Structure formats: structure tokens, C-alpha cells
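Data first, discussion second: the structure below is written as C-alpha cells.
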Amino acid sequence: MNNSFVKFLIILFLSAALAFGMGMYFPWWSIAVAAFVTGLVVKAKPGTAFLGGLFGLFLLWAGLVYYISNNNDNILAHRFSLLMLKQDNPLKLILLTGGIGGVVGAFAALSGSLLRSIFSKP
């Protein structure tokens with residue numbers, strides 16, 4: 001496998017696992033800290049860090065929202081999708097929520113990767 005793909009997978013799983021653990025005890029924005037630390041620690045290119053943070057936290061948040069919404073028969077998701085999206089489509093709301101988490105994770109991992117590249121030797 002390609003070295004860059006392996007680093008992508010490491011960032012994806014590590015940022016999701018760290019964000020899940022931190023999300024149990026800290027506010028929602030702790031996912032950004034988790035992705036930032038992952039981007040800082042793993043020596044990957046900035047684009048790889050960006051994509052790893054994006055997909056890692058998108059999958060985490062979309063998966064958690066889907067799990068929680070499924071356990072209550074999508075009652076709250078139906079109501080919020082009517083309120084926010086003006087249509088009864090809980091799946092779009094789940095994808096939107098996952099997208100917000102993914103964007104936060106992507107830019108946090110990118111920031112960590114760029115900060116590491118500033119202080120590392122060329």
C-alpha cells in the first residue's frame with residue numbers, strides 16, 4: 001500500500017477515536033482538538049491530513065447521529081429536518097451534521113499538519 005494512504009487511514013481512525021473519547025467528557029468542539037493533535041503527531045502531507053480529518057470526523061458524527069436517531073425512531077430528526085431544511089428528510093439532516101463535524105475536523109487536522117511543517121526541518 002502507498003505510504004500516504006496508510007497515513008490517511010491512521011489520521012482517519014486516530015482522529016475519530018480521539019474525538020469519540022474526548023466527546024464523552026468535553027464539549028463538542030473538543031473534536032477539533034483531537035483532529036489538531038492527530039494532524040500534529042502524524043507526519044503526513046497537509047492534503048492527507050485534511051482528508052483524514054474530514055472523513056474521520058464525518059463518519060464519526062454521521063454514525064453517532066444515525067445511531068442516536070435510530071434508537072428514538074427518528075422522532076427528533078423528523079422534526080428538526082422540517083424546521084431546518086423545510087422538508088421531512090432525516091437522512092439529509094444526518095449528512096449535514098456529519099458534514100459540519102467533518103469540516104471542523106478537516107481544518108483542525110490541516111492546522112496541526114501545517115504547524116508541524118513550520119517547525120520541522122526541510
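No lab work stands behind these numbers, since they all come straight from the coordinates. Just so it is clear, the model here is predicted, and its values are computed rather than measured. A quick note on method: Cβ atoms are made from the backbone with ideal geometry, for glycine too, and the neighbour counts reach across all protein chains shown.
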So, in the range 33-54, of the ones that are touching a Gly at 6+ places or on another chain (Cβ under 7 Å) and within 20 Å of THR97 (Cβ to Cβ), which residue ends up surrounded by the most Cβ atoms within 10 Å (Cβ to Cβ)?
GLY53
In the range 45-66, the residues that are in a helix (DSSP H, G or I), over 12 Å from the mean Cα position of the chain (by Cα), farther than 10 Å from ALA109 by Cα and not hydrophobic (A, V, I, L, M, F, W, C)
TYR66
Scope the range 1-44; condition outside any loop (DSSP other than H, G, I, E, B) and of a type in the set (Gly, Ala, Ser); matching residues:
SER4, SER15, ALA16, ALA17, ALA19, GLY21, GLY23, SER30, ALA32, ALA34, ALA35, GLY39
Can you run down the residue pairs with Cβ atoms below 6 Å, 6 or more apart or on separate chains, where the first is in the range 84-103 and of a type in the set (Asp, Glu) and the partner is in a helix (DSSP H, G or I) and surrounded by fewer than 20 Cβ atoms within 10 Å (Cβ to Cβ)?
ASP88/HIS78; ASP88/LEU82
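Just to be sure I understand, how many residues within the range 85-116 are closer than 24 Å to SER30 by Cβ and touching a Lys or Arg at 6+ places or on another chain (Cβ under 9 Å)? Please lay out each step first, then the result.
Of the residues in the range 85-116, the ones closer than 24 Å to SER30 by Cβ are 93-116.
Keeping just the survivors that are touching a Lys or Arg at 6+ places or on another chain (Cβ under 9 Å) gives 113, 116.
Number satisfying all stated conditions: 2.
Given the structure, is SER81 surrounded by 13 or more Cβ atoms within 10 Å (Cβ to Cβ) and farther than 15 Å from TYR66 by Cα? I'd like the intermediate steps shown before the answer.
Details: surrounded by 13 or more Cβ atoms within 10 Å (Cβ to Cβ): yes; farther than 15 Å from TYR66 by Cα: no.
So SER81 fails the test.
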